[in-house]
Amino acid sequence: METDPLPPEEAIAFIQDCKRAGLRVLGVERLFLRQGAYVLDLEAIADFTMAPDVTRDLEEDADAACVFIRSNVKQDSLFLIVFK
């Protein structure tokens with residue numbers, strides 16, 4: 001599943017909610033709203049699904065997603081969270 005595009009602070013709060021609920025954060029994508037349409041920024045995508053045969057630490061992935069968002073905030077940026 002994925003969220004609607006969220007402002008940075010709401011995206012981080014959502015990830016923290018996922019962490020508390022035991023939901024897995026699979027990825028984060030930065031978007032910009034341009035002329036009424038969302039544009040994906042291909043330079044700001046975090047994928048936490050690599051190495052599917054390795055057990056992932058849900059908390060570490062959630063923390064890494066929050067760090068990713070904080071370090072990729074630009075004017076008018078929004079973030080889409082992919083979770084399971």
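Restricting attention to the range 47-82, which residues are modelled with pLDDT under 95, touching a strand residue (DSSP E or B) at 6+ places or on another chain (Cβ under 7 Å) and farther than 16 Å from Q16 by Cβ?
Selection gives D47, T49, D76.
If I filter the range 4-55 down to residues being of a type in the set (V, I, T), under 9 Å from the mean Cα position of the chain (by Cα) and not in a strand (DSSP E or B), which single residue comes out as nearest to R70 (Cα to Cα)?
I12
Restricted to the range 56-74, and to residues that are touching a residue at least 60 places away in the same chain (Cβ under 8 Å) and assigned to a helix (DSSP H, G or I), which residue is surrounded by the fewest Cβ atoms within 10 Å (Cβ to Cβ)?
R70
Taking interchain pairs and intrachain pairs at least six residues apart, which have beta carbon atoms under 6 angstrom, with the first residue in the range 16-40 and under 13 Å from L80 (Cβ atoms) and the second among the basic types (K, R)?
That search, which allows pairs on different chains as well, returns L26/K84.
The values are calculated or read from the model by the stated rules, or taken from the named source; none is laboratory data. Please read all numbers here as calculations on a predicted model, not as lab measurements. Counting neighbours? That spans all protein chains shown, and the Cβs are built from the backbone with ideal geometry, glycine included.
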